[in-house]
Amino acid sequence: MAFILPEGLLGAGNSIAERNEFIQNNLGLWQLGWFNWMLAALGLLTFCIMLLPFIPKSEWRVLGILLVALGIVPDIGAEVIFAFVIPYSHTIDPTLATMQILELIAVQLTGTLGNGLYNIGGLLLNVLLLNNQRLPRKLILIGIPGWFFGFGLSISCAMQAMDAAKFFTAAGMVWSTAWMFALTIKVFPRTNELKVDY
């Protein structure tokens, strides 16, 4: 995302013609970048599923994982539009007006809707982890700001504030990845010891 896709994205500062030219000249890398982003979405869902044994059973736990799973649909849908529809839209509409519309739709699907669902569900699961007294509380609390960076991204995308969206994407990805890595090292290897029994 950081190295391949920015020049072709809405908010890069390039004109629609320049974005289209970049995509056409780097089509393989462009599609590979979005495929990688799709894998990241599935990775987030997998991570949240791995949290479930550490959260006491409740309707809130079900709601949290359901919201994260629902976020997959608009998110990957948008990434398919970016990867496999936008690159060929100029053949239907050489004026690139269709490409602009598709960009706006895709940004709202992934940035506002998909990301919003991920972060509501993820924050809920993160807070529910606090009900497990066996887990290191500081480590669980450290995860919470990452979801709020995600809310900032959703709001920024909804308002078409692309510079703010770039900031919240970078901050959220760094924070959340570090937190997920810490849980992977500190908690997941001790599943039998730290998981809940109810």
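The values are calculated or read from the model by the stated rules, or taken from the named source; none is laboratory data. If you're wondering where the values come from, they're calculated on a predicted model, not measured in any experiment. Cβ: placed from backbone, ideal geometry, glycine included. Neighbour counts: every protein chain shown. Calculation scope for accessible area: heavy atoms of the full protein, side chains included, ligands and nucleic acids excluded. Shrake-Rupley method; radii C 1.70, N 1.55, O 1.52, S 1.80 Å.
Rounded to the nearest percent, how much of the accessible area of the chain (1.4 Å probe, protein heavy atoms only) is carbon and sulfur? Kindly include the intermediate steps, with their values, before the conclusion.
Details: 7250 of 10050 Å².
Carbon-and-sulfur percentage of accessible area, whole number: 72.
Enter the angle in degrees (range 0 to 90, nearest 10) between the Cα long axis of helix 97-107 and the first principal axis of the Cα atoms of the chain, meaning the one along which they spread out most. That helix lies at roughly 10 degrees to the long axis.
Heavy-atom accessible area per residue, region 62-190, 1.4 Å probe: how many Å²? Mind dumping the intermediate values first?
On the way: 6170 Å² over 129 residues.
I get 48 Å² per residue for this part.
Against the chain, whose longest principal axis is taken from its Cα atoms, helix 16-25 shows a tilt of about 80°. Alpha carbon centre of region 114-162 versus region 38-112: separation in Å? Taking the Cα centre of each part, region 114-162 and region 38-112 sit 17 Å apart.
Local charge for Val107 was computed over the other residues whose Cβ lies under 13 Å away, with Lys and Arg +1 and Asp and Glu -1, and equals -1.
With respect to the chain, whose longest principal axis is taken over its alpha-carbon atoms, helix 162-186 is tilted by about 30°.
How many lysine pairs are close in the chain, with Cα atoms under 26 Å apart and the two 8 or more places apart or on different chains?
Count of close lysine pairs: 6.
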